[in-house]
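Novice: Here it is, the structure in full.
The values are calculated or read from the model by the stated rules, or taken from the named source; none is laboratory data. Please read these numbers as outputs of a predicted model, since none were measured by experiment. Neighbour counts run over all protein chains shown; Cβ positions are idealised from the backbone, glycine included.
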Amino acid sequence: MRWTSHAGIAKLTATLGSPITSTSANRPGEPAALDATDVATIFARAVTEGSLLVLDAGRLAPSPPSTVVDCTGLAPRLIRRGALEPSRLRAIVPGLIG
């Protein structure tokens, strides 16, 4: 689950009354897209097919990647180190693996 700090997306989610599922707007190992044009270029096929809708909320400021934790197993496992330092995360989740 991801919590957004973007006011426009937070308002959209509140208006819908349900969560919005999304991923980072980049391919693995590639830099994040920072605007709608970048997203539409990177994922042109999905946009053309209609399986991806791109909401233009303006240009985003670069930011550290999200920390990703897999909570589907017996113990939470760190999948990707991101903005949240592992030491801080371990203080909250002592059984964290990875």
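Novice: Please identify the pairs in which a residue from region 72-98 that is basic (Lys, Arg) has its Cβ atom under 7 Å from the Cβ atom of a residue that is part of a loop (DSSP other than H, G, I, E, B), counting only partners at least 6 apart or on another chain.
Specialist: Hits for this filter: ARG77/GLY98; ARG80/PRO65; ARG80/THR67; ARG81/THR67; ARG90/LEU96.
Per-residue answers, yes or no, for (1) of a type in the set (Lys, Arg); (2) in the same structural domain as ALA10 (by TED's automatic domain parsing):
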residue: THR41; (1), (2): no, yes
residue: ARG45; (1), (2): yes, yes
residue: CYS71; (1), (2): no, no
residue: GLU85; (1), (2): no, no
residue: ILE92; (1), (2): no, no
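Novice: Here is a list: ILE20, ILE9. Which entry is part of a helix (DSSP H, G or I) and at pLDDT below 85?
Specialist: None of the other options fit; the residue is ILE9.
Novice: Can you name the condition, by its number, that GLY82 falls short on among (1) surrounded by 12 or more Cβ atoms within 10 Å (Cβ to Cβ); (2) modelled with pLDDT of 85 or more?
Specialist: Status for GLY82: all satisfied but (2).
Novice: Right, next: Just name the residue that is surrounded by the fewest Cβ atoms within 10 Å (Cβ to Cβ) out of those in region 29-79 that are basic (Lys, Arg) and more than 21 Å from ALA7 (Cβ to Cβ). Before the answer, list the steps.
Specialist: Narrowing region 29-79 to residues basic (Lys, Arg): 45, 59, 77.
Now narrow it down to the ones that are more than 21 Å from ALA7 (Cβ to Cβ): 45, 77.
On the way: ARG45: 9, ARG77: 15.
In this case the residue turns out to be ARG45.
Novice: Taking region 43-69 as the search range and keeping residues that are among the charged types (D, E, K, R) and at pLDDT 90 or above, which one is farthest from the chain's Cα centre (by Cα)?
Specialist: GLU49
Novice: So, one more: What number goes with the only condition from (1) more than 17 Å from the chain's Cα centre (by Cα); (2) exposed (fewer than 10 other Cβ atoms within 10 Å of the Cβ) that SER18 does not pass?
Specialist: (1)
Novice: Applying the selection to region 85-97, what residues are surrounded by 10 or more Cβ atoms within 10 Å (Cβ to Cβ) and over 20 Å from the mean Cα position of the chain (by Cα)?
Specialist: ARG90, ALA91, VAL93, LEU96, ILE97, listed by residue number.
Novice: Now for a different question. Which residues, counting only those in region 41-61, are under 16 Å from ARG27 (Cα atoms) and assigned to a loop (DSSP other than H, G, I, E, B)? Even if it seems obvious, please write down each step before you answer.
Specialist: Keep residues of region 41-61 that are under 16 Å from ARG27 (Cα atoms), which gives 41-47, 52, 54.
Scanning region 41-61 gives PHE43, LEU52, VAL54.
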